[in-house]
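Q: Just dropping this structure here.
The values are calculated or read from the model by the stated rules, or taken from the named source; none is laboratory data. Predicted model only: the values in this text are computed from it and were never measured. Cβ placement follows ideal geometry from the backbone for every residue including glycine, while neighbour counts extend to all protein chains displayed.
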Amino acid sequence: MHGMSRDADKRYLVAALALLLAYMAGEVVVGLLAGSLALLSDAGHMLTDAGAIALALFTMRLAGKPPQGAMTFGLKRAEILSAQANGLTLILLAAWFVIEAAQRLISPPRVDGMAVLWVALAGIGVNLLATWVLSKANRQSLNVEGSFQHILTDLYAFIATAVAGGLIVATGIERLDALAALLIAGLMTRTGYALVKESGRIFMEASPRHLDPAEIGRALAADPDVMEVHDLHVWEVTSEFPSLSAHILVRGGQPCRGDCHAIRLRLENMLDERFGIRHTTLQVDHLYGREARIEPEALRQSLPGQRG
């Protein structure tokens, strides 16, 4: 099923890429014929969107390669690198728009409001279609989400540009174009920061947002045969690939429900069914002659009382 989902995501990304490239080519032609630098600049912006999708497709292919040699997890985190690159690109573009908008507020150039309005309206239609296509892909993948946010931000940009173009036609105030660019830059910064932050969590091996390590530790400690839980680690290899490792000590010298292997299997099934964690490494041993404890310290305060 995961492979089928990945194939579907690729088809959605390719369809969105084709839409953007076709519109960008038309925009370049119109911009050259009309001598419009604004339209050519917007075409350059769409080129970054197309580049983001192309990068996402490339990294999906890398991530699909099997583990080999030193890469024991394969190249799955290539998708997270792509998401981070998309986020950084949005932030850098936003900075460029702020600088350009500041210059235009000081010395506004002549803006053909009607041309801006019509091209922006066409861009809204294209980006709505591209957004709809990508919305059907698996956006739990940070790689796909990065591409989606690029397209969604571009949609907002075209809406703001269309409003600015219409107001310029109605009022003749050409500084409205720069004000729209500042609004777009703010949206891009927020989206880019969110992508960089989320991909950074994965690189720093933080636990997935939907999984609470303390709750997982309590669930492990609640098993009737478990006496001690320590060295509990929960992290993400890549999007939708949570992993867990822990050292579990069970009753030693007392009756228990099966041997260590049976207990480990029971705990693994619980982690899969309750938390959706299938990649687990549990070291299960017997506890003899010392006080039970739960580590790390952050978990010890929130887990059930120790059992002797």
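Q: Across the range 129-163, which residue is modelled with the highest pLDDT among those that are touching a Phe, Trp or Tyr at 6+ places or on another chain (Cβ under 7 Å) and outside any helix (DSSP H, G or I)?
A: K136
Q: Would you check if there is a residue in the range 166-179 being among the hydrophobic types (A, V, I, L, M, F, W, C) and touching a residue at least 60 places away in the same chain (Cβ under 8 Å)?
A: The answer is yes, given that some residue of the range 166-179 is among the hydrophobic types (A, V, I, L, M, F, W, C) and touching a residue at least 60 places away in the same chain (Cβ under 8 Å).
Q: Scan the range 165-178 residue by residue and report those that are surrounded by fewer than 17 Cβ atoms within 10 Å (Cβ to Cβ) and either hydrophobic (A, V, I, L, M, F, W, C) or not assigned by TED's automatic domain parsing to the domain that holds E100 (or both).
A: V169, A170, I173
Q: Which is surrounded by fewer than 21 Cβ atoms within 10 Å (Cβ to Cβ) and either of a type in the set (D, E) or assigned to a loop (DSSP other than H, G, I, E, B) (or both), of S207, S245?
A: Selected residue: S207, the only one of S207, S245 that is surrounded by fewer than 21 Cβ atoms within 10 Å (Cβ to Cβ) and either of a type in the set (D, E) or assigned to a loop (DSSP other than H, G, I, E, B) (or both).
Q: Restricting to the range 51-78, give me the number of residues that are farther than 21 Å from A15 by Cβ, small (G, A, S) and surrounded by 19 or more Cβ atoms within 10 Å (Cβ to Cβ).
A: Looking only at that region, the number is 1.
Q: Scan the range 136-148 and tell me whether some residue there is surrounded by fewer than 17 Cβ atoms within 10 Å (Cβ to Cβ), out of contact with any strand residue (DSSP E or B) (no Cβ under 9 Å at 6 or more places or on another chain), farther than 19 Å from A8 by Cβ and of a type outside the set (V, I, T).
A: Within the range 136-148 (the criterion being surrounded by fewer than 17 Cβ atoms within 10 Å (Cβ to Cβ), out of contact with any strand residue (DSSP E or B) (no Cβ under 9 Å at 6 or more places or on another chain), farther than 19 Å from A8 by Cβ and of a type outside the set (V, I, T)), the answer is no, since none of the residues qualifies.
Q: Still on this structure, please answer the following. Would the range 194-202 turn up any residue that is in a loop (DSSP other than H, G, I, E, B) and touching a helix residue (DSSP H, G or I) at 6+ places or on another chain (Cβ under 8 Å)?
A: no
Q: OK, next. For M114, indicate whether it is within 19 Å of P242 (Cα to Cα), surrounded by fewer than 20 Cβ atoms within 10 Å (Cβ to Cβ) and either modelled with pLDDT of 75 or more or within 27 Å of the chain's Cα centre (by Cα) (or both).
A: no
Q: Exactly one of these conditions fails for I99: (1) out of contact with any Gly (no Cβ under 8 Å at 6 or more places or on another chain); (2) in contact (Cβ under 8 Å) with a residue 24 or more places away in the chain. Give me its number.
A: (2) is the only condition that I99 fails.
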